[in-house]
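Q: Got a structure for you, written out below as structure tokens; questions coming shortly.
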Amino acid sequence: MRRGLLLCLWLVSATVCSAAPAPPPRPREFGPQSLLPDIPIPPERPGDLGRAPDSAIAPAATPPAATAADGAACAALTAKGQAVAEKAAPVVGERGCGIAAPVLLRAVVLADGRKIALAPAPLMRCELATSVASWLAEDVVPVLETEHRRVARIDDLDAYDCRGRNKQPGAKLSEHGVGDAIDFAGVSFAGGGVLRFADKGNDINVATLLRTSACVRFTTVLGPGSDGFHESHVHLDLEARRHGGRICQWSLR
Ligand SMILES: [Zn+2]
């Protein structure tokens, strides 16, 4: 070290100190991983799945890849036997929209095997399709049918749709944009007549059962009285929130 120091002082006007010890070779890869301490990464929690505002979402260039969870959800939809669903091609949209493993939910199958069509057939994720089919087949249709009144059709309004919440410019991406939400108008009966879910003149016992069952099956339920955007229909989705938070806002009167 002393010889090196003396040589450096002698060459003080030079730009390079030849006696300085050579620096250690740099690692071939000096990426972020090498800078991180060895701390185990916790598993992602459901509450961490919240989506960024529209402006922070990069455009998607390729269809999203189906995950093992998507495969399991689609298998569960088929296994449960409550849906007539048609597999659709992966959907990709701008601003993070898309569905990796979408289905068209054509009809729900009741316990007696009777099928009731959804019109129009909504496009959505398999997990949502499973919840929707169960809600319609187990809760909605049984509570609305009587000996002389049969449900002929489920009237939905909007499922997959790449847009901001409540169709407001600049709003956070809607669950509709990832196939995780559906809007319902109501049902049509055989022989005529309809029931609109948002109608405040519905039988209160029937309306209460519809709302209660929806709020059990879905993490977001928005109807009349919620935010001014759902006075004519009911919005249902499966958005995952921190700490398992749920929204159930549907005024019946
Ligand atoms: Zn909606």
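The values are calculated or read from the model by the stated rules, or taken from the named source; none is laboratory data. Quantities reported herein were computed from a predicted structural model and do not represent experimental measurements. Note that we place each Cβ from the backbone using ideal geometry, even for glycine, and neighbour counts take in every protein chain shown.
Q: Scan the stretch 212-252 for residues that are within 16 Å of the ligand (Cβ to nearest atom) and either touching a residue at least 60 places away in the same chain (Cβ under 8 Å) or within 16 Å of residue 142 (Cα to Cα) (or both) and report the count.
A: Residues meeting the conditions: 10.
Q: Are any residues in the stretch 222-241 of a type outside the set (D, E, K, R) and surrounded by 18 or more Cβ atoms within 10 Å (Cβ to Cβ), and if so, which ones?
A: Answer for the stretch 222-241, where residues must be of a type outside the set (D, E, K, R) and surrounded by 18 or more Cβ atoms within 10 Å (Cβ to Cβ): 222, 223, 224, 226, 230, 233, 234, 235, 236, 238.
Q: Please name all residue pairs, on different chains or six or more residues apart, with Cβ atoms under 6 Å, provided the first residue is in the stretch 115-135 and is touching a residue at least 24 places away in the same chain (Cβ under 8 Å) and the second residue is hydrophobic (A, V, I, L, M, F, W, C) and assigned to a helix (DSSP H, G or I).
A: Hits for this filter: 126/73; 126/74; 126/77; 127/73; 129/77; 130/76; 130/77.
Q: On the basis of being within 12 Å of the ligand (Cβ to nearest atom) and over 15 Å from the mean Cα position of the chain (by Cα), does residue 161 make the cut?
A: Taking the combined requirement at face value, the residue does not satisfy it.
Q: A further question on this structure: Would you mind stating whether residue 191 is more than 22 Å from the chain's Cα centre (by Cα), of a type outside the set (Phe, Trp, Tyr) and more than 12 Å from the ligand (Cβ to nearest atom)?
A: Spelling it out, residue 191 is indeed more than 22 Å from the chain's Cα centre (by Cα), of a type outside the set (Phe, Trp, Tyr) and more than 12 Å from the ligand (Cβ to nearest atom).
Q: Within the stretch 137-147, does at least one residue satisfy the condition of being in a loop (DSSP other than H, G, I, E, B), over 16 Å from residue 118 (Cβ atoms) and touching a Cys at 6+ places or on another chain (Cβ under 6 Å)? Spell out how you get there, then give the answer.
A: Step one: filter the stretch 137-147 for residues in a loop (DSSP other than H, G, I, E, B), giving 145, 147.
Checking the rest, the ones that are also over 16 Å from residue 118 (Cβ atoms) come to 145, 147.
In the following step, the residues that additionally are touching a Cys at 6+ places or on another chain (Cβ under 6 Å) were identified as none.
No: zero hits.
Q: Right, next: Within the stretch 42-68, track down each residue that is surrounded by 13 or more Cβ atoms within 10 Å (Cβ to Cβ) and either modelled with pLDDT of 90 or more or among the aliphatic types (A, V, I, L, M) (or both).
A: Hits for the stretch 42-68 are 57, 60, 66.
Q: List the pairs whose first member sits in the stretch 165-182 and is in contact (Cβ under 8 Å) with a residue 12 or more places away in the chain, whose second member is aromatic (Phe, Trp, Tyr) and surrounded by 14 or more Cβ atoms within 10 Å (Cβ to Cβ), and whose Cβ atoms are under 7 Å apart, counting only residues at least 6 apart or on separate chains?
A: If the second residue must be aromatic (Phe, Trp, Tyr) and surrounded by 14 or more Cβ atoms within 10 Å (Cβ to Cβ), the pairs left are 176/160; 179/160.
Q: Of all residues being under 24 Å from residue 126 (Cβ atoms) and within 9 Å of the ligand (Cβ to nearest atom) in the stretch 164-182, which is surrounded by the most Cβ atoms within 10 Å (Cβ to Cβ)? Just the residue, please.
A: So, considering only residues that are under 24 Å from residue 126 (Cβ atoms) and within 9 Å of the ligand (Cβ to nearest atom), the one surrounded by the most Cβ atoms within 10 Å (Cβ to Cβ) is 182.
Q: To continue, here is another question. I'd like the full set of residues that are more than 15 Å from the chain's Cα centre (by Cα) and of a type in the set (A, V, I, L, M), limited to the stretch 226-253.
A: 234, 252 - these are the residues of the stretch 226-253 that are more than 15 Å from the chain's Cα centre (by Cα) and of a type in the set (A, V, I, L, M).
Q: Okay, next question. Cβ-Cβ below 8 Å, separation at least six or inter-chain, first residue in the stretch 186-203 and surrounded by 18 or more Cβ atoms within 10 Å (Cβ to Cβ), second of a type in the set (A, V, I, L, M, F, W, C) and part of a loop (DSSP other than H, G, I, E, B): which pairs?
A: Correct list of pairs: 186/197; 186/198; 202/252.
Q: Have a look at 133, 121 and point out the one that is part of a loop (DSSP other than H, G, I, E, B) and touching a strand residue (DSSP E or B) at 6+ places or on another chain (Cβ under 9 Å).
A: Matching residue, one of 133, 121: 121.
Q: So residue 147 ticks every box in (1) away from the ligand (no atom under 16 Å from the Cβ); (2) of a type outside the set (Val, Ile, Thr); (3) modelled with pLDDT of 95 or more but one. Which box is left unticked?
A: It fails just one condition, (3).
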